[in-house]
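Below is one structure, written out as structure tokens; the observations come after it.
The values are calculated or read from the model by the stated rules, or taken from the named source; none is laboratory data. The structure displayed is predicted, hence computed values, not measured ones. Cβ atoms come from the backbone with ideal geometry, glycine included; neighbour counts cover every protein chain shown. Please note that ligands, DNA and RNA were not included when accessible areas were found on the heavy atoms of the full protein model with its side chains. Shrake-Rupley method; radii C 1.70, N 1.55, O 1.52, S 1.80 Å.
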Protein chains: 2
Amino acid sequence: MTAAALQTALDYHRAWSSHDLDAAMALVAPDVVCDAPAGPVVGRDAFRAFMGPFAAMTTRTEVLGAFGDDESAVVLYDTETTLVPHAPGAERVEVADGRITRMTIVFDRLPFAQARAAG
Amino acid sequence: MTAAALQTALDYHRAWSSHDLDAAMALVAPDVVCDAPAGPVVGRDAFRAFMGPFAAMTTRTEVLGAFGDDESAVVLYDTETTLVPHAPGAERVEVADGRITRMTIVFDRLPFAQARAAG
């Protein structure tokens with residue numbers, strides 16, 4: 001059996017990457033605190049506004065590594081997006097009662113900034 | 001007992017972040033293939049040239065999440081650097097015979113590019 005936090009992390013990943021943002025946010029606590037590249041994102045509404053645009057531009061994803069226990073998990077993945085063809089990311093999540101309460105998300109904003117600047 | 005690949009990943013992290021690049025590179029296979037933000041880095045010499053400058057500017061690190069088994073591991077960490085005060089990163093490694101043979105490394109190049117442009 002997959003450990004609880006890992007299962008939640010993988011379910012969350014599958015949901016957002018298949019553009020089911022409602023299902024993804026059902027796995028996120030209302031008072032989630034996310035340490036994102038541009039700074040803290042606090043609360044599920046703000047988190048949805050943060051993740052929604054990225055999820056919308058994601059055309060493919062592949063989980064490269066995923067491990068965890070019942071309290072926390074780490075997932076490292078690659079994505080293809082309409083803006084940047086190769087955009088890996090990584091997340092560490094803490095999970096309580098089946099919902100993500102804290103997240104640290106790491107990805108490289110540079111190619112996105114460059115693509116936006118280019119047009 | 002910590003699983004073998006996770007132990008190697010943690011030992012590698014501790015070595016480079018304490019500026020012992022020789023010890024870090026002893027845990028890296030000569031023919032390592034690293035998927036880095038700017039593109040592939042192939043071979044330990046190239047990998048050392050890639051990691052050395054980042055290790056040199058790292059003043060503090062904290063492992064936020066680390067999991068793995070005997071073949072692979074994922075480590076997500078925060079760093080403080082002389083250029084960027086809050087620079088989290090994540091690595092997935094594959095390990096054989098106590099050495100890292102493949103790595104995917106994720107970090108945000110944008111604040112480093114901005115700091116260099118500003119300074």
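For this structure, a couple of remarks:
- Filter result for B:PHE50 (in a helix (DSSP H, G or I), touching a Gly at 6+ places or on another chain (Cβ under 9 Å) and surrounded by fewer than 19 Cβ atoms within 10 Å (Cβ to Cβ)): no
- Candidate set from segment B:58-80 (those that are open to solvent by 10 Å² or more (accessible area, probe 1.4 Å) and among the polar types (S, T, N, Q)); member that is farthest from B:VAL95 (Cα to Cα): B:THR59
- All of A:THR79, A:THR59 fail the test of being more than 8 Å from chain B (Cβ to nearest Cβ) and closer than 19 Å to B:VAL106 by Cα, apart from A:THR79.
- Long-range neighbours under 9 Å by Cβ, at least six apart or interchain, first residue over 18 Å from B:ALA29 (Cβ atoms) within segment B:47-64, second loosely packed, with under 15 Cβ neighbours inside 10 Å and among the β-branched types (Val, Ile, Thr): B:ALA56/B:THR82; B:MET57/B:THR82; B:THR58/B:THR82; B:THR59/B:THR82
- Residue satisfying all of: in segment A:89-101; open to solvent by 20 Å² or more (accessible area, probe 1.4 Å) and within 11 Å of chain B (Cβ to nearest Cβ); farthest from A:ALA36 (Cα to Cα) among these: A:GLU94
- Scanning segment B:13-46 for residues that are under 21 Å from B:THR82 (Cα atoms) and in a helix (DSSP H, G or I) turns up B:HIS13, B:ARG14, B:ALA15, B:TRP16, B:SER17, B:LEU21, B:ALA24.
Results for (1) at the interface with chain B (Cβ under 8 Å from one of its Cβ atoms); (2) outside any helix (DSSP H, G or I), shown as yes or no for each residue.
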position	(1), (2)
A:ALA55	no, no
A:PHE67	yes, yes
A:VAL74	yes, yes
A:VAL84	no, yes
A:ALA87	no, yes
A:MET103	no, yes
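- Boolean, B:ALA9 is touching a residue at least 60 places away in the same chain (Cβ under 8 Å), assigned to a helix (DSSP H, G or I) and of a type in the set (A, V, I, L, M, F, W, C): yes
Conditions tested, residue by residue: (1) modelled with pLDDT of 95 or more; (2) under 14 Å from B:VAL74 (Cα atoms); (3) buried (at least 17 other Cβ atoms within 10 Å of the Cβ).
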{"position": "B:ALA5", "(1), (2), (3)": "yes, yes, yes"}
{"position": "B:ALA9", "(1), (2), (3)": "yes, yes, yes"}
{"position": "B:ARG14", "(1), (2), (3)": "yes, no, no"}
{"position": "B:ASP20", "(1), (2), (3)": "yes, no, no"}
{"position": "B:ALA26", "(1), (2), (3)": "yes, no, no"}
{"position": "B:VAL32", "(1), (2), (3)": "yes, no, yes"}
{"position": "B:ALA36", "(1), (2), (3)": "yes, no, yes"}
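- Against the numbered list (1) over 21 Å from B:GLN7 (Cα atoms); (2) surrounded by fewer than 18 Cβ atoms within 10 Å (Cβ to Cβ); (3) at pLDDT 95 or above, B:ARG116 comes up short only at (3).
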